Amino acid sequence: MIGWIILGVLVLFVLLAVTAYNRLVELRNRYKNAFSQIDVQLKRRYDLIPNLVETAKGYLKHERQTLEAVIVARNQASTAAQRAAATPGDATAMRELAGAETTLGGALGRMFALAEAYPDLKSNTTMNQLSEELSSTENKVAFARQAYNDAVMAYNTGREIFPASIIAGATGFAEARLWEIERAVEREAVKVSFA
């Protein structure tokens, strides 16, 4: 009789362990998928920026330094996004991406502020269309970031709950990092308007 009780407890423990492990895998895959949605929108954004700079280049000939800063910031953000896409949830990769995105947002903000002084550029149809697409993409990035953070929160909570916390520790399920805005200046949206 004691043998059956021990066997029953062992079977129950194995079932709990397998269920917890499978749930952790599911939650990890959800936050990775959520990050891939951010990645899609960031790539779209990074593809729009060179066209925007090319359109502005003809009007802002004397502002070459500002345009170059936008391209450099775009390239850095793109590289950081690729690193983060390789390991979504990794604290270092997410911190680098957030920093690169802040730099890019600042460079774009300076370019748009500068463009306000050029009436011909403000009325350029291509520039207005690109600005509208960039603004739309910014909104999509914000929604994707929210979905990612929700998925990371569910994963982190799932890995901290008993008995999953034991399985997570034993099988290498590390804590995932939220994409948080750490500095107040990062909370300000990039203003894209030539109206």
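All of the numbers you see were taken from the coordinates with simple rules; none came from a lab. Bear in mind that the values here come from a model prediction, so they are computed numbers and not experimental data. With ideal geometry, Cβ positions are generated from the backbone for all residues, glycine too; neighbour counts draw on all protein chains shown.
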Across the stretch 104-146, which residue is nearest to ASP39 (Cα to Cα) among those that are of a type in the set (Ser, Thr, Tyr) and buried (at least 18 other Cβ atoms within 10 Å of the Cβ)?
THR137
Quick one: which of TYR31, TYR21, TYR46, TYR59 is crowded, with 16+ Cβ neighbours inside 10 Å, outside any helix (DSSP H, G or I) and either in contact with a Gly (Cβ under 9 Å, 6 or more places away or on another chain) or aromatic (Phe, Trp, Tyr) (or both)?
TYR59
Please go through the stretch 141-152 and pick out each residue that is closer than 15 Å to GLY105 by Cα and in contact (Cβ under 8 Å) with a residue 12 or more places away in the chain.
VAL141
Can you work out which of the residues in the stretch 75-129 that are among the small types (Gly, Ala, Ser) and part of a loop (DSSP other than H, G, I, E, B) is nearest to ALA176 (Cα to Cα)?
GLY89
Please tell me if ALA100 is under 25 Å from ARG28 (Cβ atoms), aliphatic (A, V, I, L, M) and in contact with an Asp or Glu (Cβ under 8 Å, 6 or more places away or on another chain).
no
